[in-house]
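See below for the structure under consideration.
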Amino acid sequence: MNLQHISFLAACVAIGLLGCDPFVEDNPGLPSEPTGEALWYFLPDTVDGVIGIDSNRIVVSAETSEDVFLHLWDFGNGKTSNAAEDTVTYFVEGTYDLTYQGHAEGGMVTFESVVNIEKTLELPCEGTLALLTGCDNPKVWKLSPEAGAIAIGPEPGSTEWYSAPEDWQNPDPPVNVDFQTDDRWTFTKTGQFIYDNSLLTMFPFNNGYYEYGMTVDTSTYTLELGSGINNEDEFTINGLMATNDLGATADICGWMGVWDSGPTYSIVDITENRLVLSALQQQKDGTPGSIDPFGNTPCINPLGSGYFTLIFVTE
């Protein structure tokens with residue numbers, strides 16, 4: 001078992017007595033500092049009768065003095081816990097900083113370590129993954145024609161800033177929205193993310209909304225189960241490389257539905273033919289005079305960003 005163990009320091013200083021003066025306690029009655037130790041290890045696992053480890057799941061445990069009343073774990077992947085012992089899943093390959101704080105009246109004990117995850121977790125094509133991708137028969141998603149298919153407000157699920165009206169894809173008086181309604185998105189079970197914009201995309205970052213000519217390369221996405229704000233499943237689109245009509249190429253960040261959303265999306269609801277997502281609003285970097293998205297830093301979600309609700313249906 002790959003056991004990572006940290007003992008918290010209990011400082012002990014030997015002082016040589018230089019005289020016979022009586023000992024006087026500096027702070028009589030104050031609580032003593034808490035003590036303890038913490039450890040983590042990969043969850044044991046057995047595959048085909050062979051004992052090994054589950055290299056994507058760890059167990060954490062804090063064994064502290066009884067005066068510790070608050071446990072705070074930060075797993076380095078956006079997830080936290082206030083349990084003395086817990087289990088966490090890391091879905092994506094990488095290095096994560098693991099920290100612990102134990103709070104008591106007399107102070108705090110701390111722990112730091114690093115968790116190395118060597119491979120991205122490969123999920124079986126079932127449940128959310130099957131509904132999102134279609135497994136061996138990939139689904140194609142498009143924005144729903146229903147009212148509220150695109151909405152935004154200050155909180156997840158709110159619509160007070162904007163909500164698409166009835167028949168928004170056929171406005172009266174007529175306005176060209178084809179460059180938005182003909183966009184299509186596909187997820188494959190092997191982790192590919194395909195955005196087909198039919199060469200035009202709605203550009204939202206400057207005054208007004210207008211069509212922008214570009215082609216977009218196939219990207220990738222990462223699905224994490226139970227990692228959303230309210231423990232929903234969520235996915236993150238891992239960048240999008242695009243080439244505009246002038247031949248410039250750039251990473252325009254990962255997004256779905258509208259350009260100024262994402263790159264992480266909570267799956268609020270999903271069925272065989274309907275998908276409801278919630279995502280933070282992206283904003284451009286504010287570069288003076290910037291009119292081209294290829295000059296903006298991607299994936300900016302500043303404080304005060306709104307939350308999109310985006311509704312899709314299958315082709």
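The values are calculated or read from the model by the stated rules, or taken from the named source; none is laboratory data. Fair warning: this is a prediction, and the values are worked out from it, not measured in the lab. All Cβ positions, even for glycine, are placed from backbone atoms using ideal geometry, and neighbour counts span all protein chains on display.
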Out of the range 263-294, which residues are modelled with pLDDT under 90 and among the small types (Gly, Ala, Ser)? GLY286, GLY289, SER290
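Out of TYR100, TYR90, which single residue is of a type in the set (Ser, Thr, Tyr), touching a strand residue (DSSP E or B) at 6+ places or on another chain (Cβ under 8 Å) and closer than 30 Å to ILE194 by Cβ? Explain how you work it out, then say what you get.
On the way: TYR100 fails: closer than 30 Å to ILE194 by Cβ.
Unique residue meeting the criteria: TYR90.
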Name every residue in the range 162-187 that is modelled with pLDDT of 95 or more and in contact with a Pro (Cβ under 7 Å, 6 or more places away or on another chain), in order of residue number. THR186
I'd like to check something: does the range 205-216 contain any residue that is within 24 Å of SER278 (Cβ to Cβ), outside any strand (DSSP E or B) and either modelled with pLDDT under 85 or not aliphatic (A, V, I, L, M) (or both)? yes
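Checking the structure you have, find out if any residue of the range 129-141 is under 19 Å from the mean Cα position of the chain (by Cα) and not in a strand (DSSP E or B). First the steps, then the outcome.
Within the range 129-141, the first condition is being under 19 Å from the mean Cα position of the chain (by Cα), and the residues that meet it are 129, 132.
Remaining after also requiring not in a strand (DSSP E or B): 129, 132.
Yes, the range 129-141 has at least one match.
Inspect all residues belonging to the range 144-154 and state whether any of them is modelled with pLDDT under 85 and either at positive phi or surrounded by 17 or more Cβ atoms within 10 Å (Cβ to Cβ) (or both). Give the steps one after another, and end with the answer.
Here is the first cut: in the range 144-154, the residues modelled with pLDDT under 85 are none.
No, every residue in the range 144-154 fails to be modelled with pLDDT under 85 and either at positive phi or surrounded by 17 or more Cβ atoms within 10 Å (Cβ to Cβ) (or both).
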Failed item, numbered, when ALA147 is tested on (1) touching a residue at least 40 places away in the same chain (Cβ under 8 Å); (2) assigned to a loop (DSSP other than H, G, I, E, B): (1)
Looking only at the range 153-198, how many residues end up being under 29 Å from the mean Cα position of the chain (by Cα) and of a type in the set (A, V, I, L, M)? 2
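If we scan the range 38-53, do we find a residue that is under 23 Å from THR236 (Cβ atoms) and modelled with pLDDT under 90? Walk me through it before giving the result.
So in the range 38-53, the residues under 23 Å from THR236 (Cβ atoms) come out as none.
Looking for residues that are under 23 Å from THR236 (Cβ atoms) and modelled with pLDDT under 90, one finds none in the range 38-53, hence no.
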The listed residue being closer than 27 Å to THR186 by Cβ, polar (S, T, N, Q) and free of Cβ contacts under 8 Å to residues at least 60 places away in the same chain, out of ASN137, ASN82: ASN137
Single unsatisfied condition, LEU123 versus (1) part of a strand (DSSP E or B); (2) out of contact with any Ser or Thr (no Cβ under 6 Å at 6 or more places or on another chain); (3) more than 19 Å from PHE312 (Cα to Cα): (1)
Among the numbered conditions (1) modelled with pLDDT of 80 or more; (2) out of contact with any Ser or Thr (no Cβ under 8 Å at 6 or more places or on another chain); (3) closer than 30 Å to GLU224 by Cβ; (4) of a type in the set (A, V, I, L, M, F, W, C), tell me where VAL68 comes up short. (3)
Please identify the pairs in which a residue from the range 256-273 that is in contact (Cβ under 8 Å) with a residue 12 or more places away in the chain and in the same structural domain as TRP185 (by TED's automatic domain parsing) has its Cβ atom under 6 Å from the Cβ atom of a residue that is of a type in the set (S, T, N, Q) and surrounded by 22 or more Cβ atoms within 10 Å (Cβ to Cβ), counting only partners at least 6 apart or on another chain. ASP260/GLN282; SER266/SER278; VAL268/SER278
